[in-house]
Ligand code: URA
C-alpha cells in the first residue's frame, strides 16, 4: 500500500514533538558526554521520513555545528545518498549518542545506555519503516552485540521492531579509509546495498520499484 502524503497539520505536529524532545534533552549535565561537548547534535531531516540513518556519534565538525554528518564522513554520506537518487532532505539522520565522545572515541556502553532513550523516542515520533545502521556501533545498538560483525552482515536486512526493517551498512568513515571502487571493495558493496535499500524504499512509498536509470538528478554512479 503506497504511502499517503502527510497533511500540513501532521507535519507541524511531528515538528513540535521533535522540538519538544530536543528541548527536553538539550539542557546539559544529564550525562558525562554533555560536560565535554560543544553542541548537542540531535539529528535533522524530514519529520515524515520513512527512511532514517543512524551513525555512532558526532565528530569534531558535528560538535562545532550541532548538525549530524557534516564533516568528511558526512560529505561522503551525501555522495552515497546521491549515488542512488536519495536526497538528504527527504530522510532523517541522527546518531546513537548525541554528544561528541572526546577525541572521537567509541561511545561506551554506559554512554549509549544514557543517550539511547533519545534515539528510541525519535524513532517513536518519526515512525520510519527503514533504518540504515551506519557501522558496528549503530548496528549493535539495534541488534545487540551478538549480531554478526559488520563485514559479515554488510547490506543485510533484519526485522527489528514494530515492522521496522534495519539494514546493516558500513560507516562512511570506514569508506574514507578504503577508497578503492573495484568489484567487491567496501565502496562497491556499499553501492550494491544502497541500491537494494532504494528499491525497498521506492516500493514502500509508491508500490513500485523505480527504474535504475539516470533521471533529472543526474547520472547515478559509485561515489
Ligand atoms: N560520524 C558519526 O557517526 N556521526 C556523525 O554525525 C559524524 C561522524
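Which residue, of 97, 70, 41, is over 23 Å from residue 142 (Cβ atoms), part of a loop (DSSP other than H, G, I, E, B), near the ligand (Cβ under 10 Å from one of its atoms) and modelled with pLDDT of 95 or more? The unique qualifying residue is 70.
Within segment 114-131, one or more residues are closer than 25 Å to residue 210 by Cα and within 16 Å of the ligand (Cβ to nearest atom). Within the bounds of segment 37-60, is there any residue that is in contact with a strand residue (DSSP E or B) (Cβ under 9 Å, 6 or more places away or on another chain) and farther than 24 Å from residue 164 by Cβ? No: zero hits.
Residues are listed down the side, and each one gets a yes or a no for (1) surrounded by 15 or more Cβ atoms within 10 Å (Cβ to Cβ); (2) near the ligand (Cβ under 10 Å from one of its atoms); (3) over 30 Å from residue 204 (Cα atoms); (4) over 14 Å from the mean Cα position of the chain (by Cα):
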position: 25; (1), (2), (3), (4): yes, no, yes, yes
position: 31; (1), (2), (3), (4): yes, no, yes, yes
position: 51; (1), (2), (3), (4): yes, no, no, no
position: 55; (1), (2), (3), (4): yes, yes, no, no
position: 61; (1), (2), (3), (4): yes, yes, yes, yes
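The requirement of being in contact with a strand residue (DSSP E or B) (Cβ under 9 Å, 6 or more places away or on another chain) and away from the ligand (no atom under 16 Å from the Cβ) is fulfilled nowhere in segment 209-217; no residue meets it. When segment 91-107 is examined, which residues are found to be surrounded by fewer than 19 Cβ atoms within 10 Å (Cβ to Cβ) and in contact with a helix residue (DSSP H, G or I) (Cβ under 9 Å, 6 or more places away or on another chain)? Correct list: 102, 104, 106. If you go through segment 101-126 and keep only what is in contact (Cβ under 8 Å) with a residue 60 or more places away in the chain and under 16 Å from the mean Cα position of the chain (by Cα), you end up with 115, 118, 119, 121, 122, 123, 125, 126.
The values are calculated or read from the model by the stated rules, or taken from the named source; none is laboratory data. Computed from a predicted structure; not experimentally measured. Cβ sites come from the backbone with ideal geometry, for glycine too, and all protein chains shown count toward neighbours.
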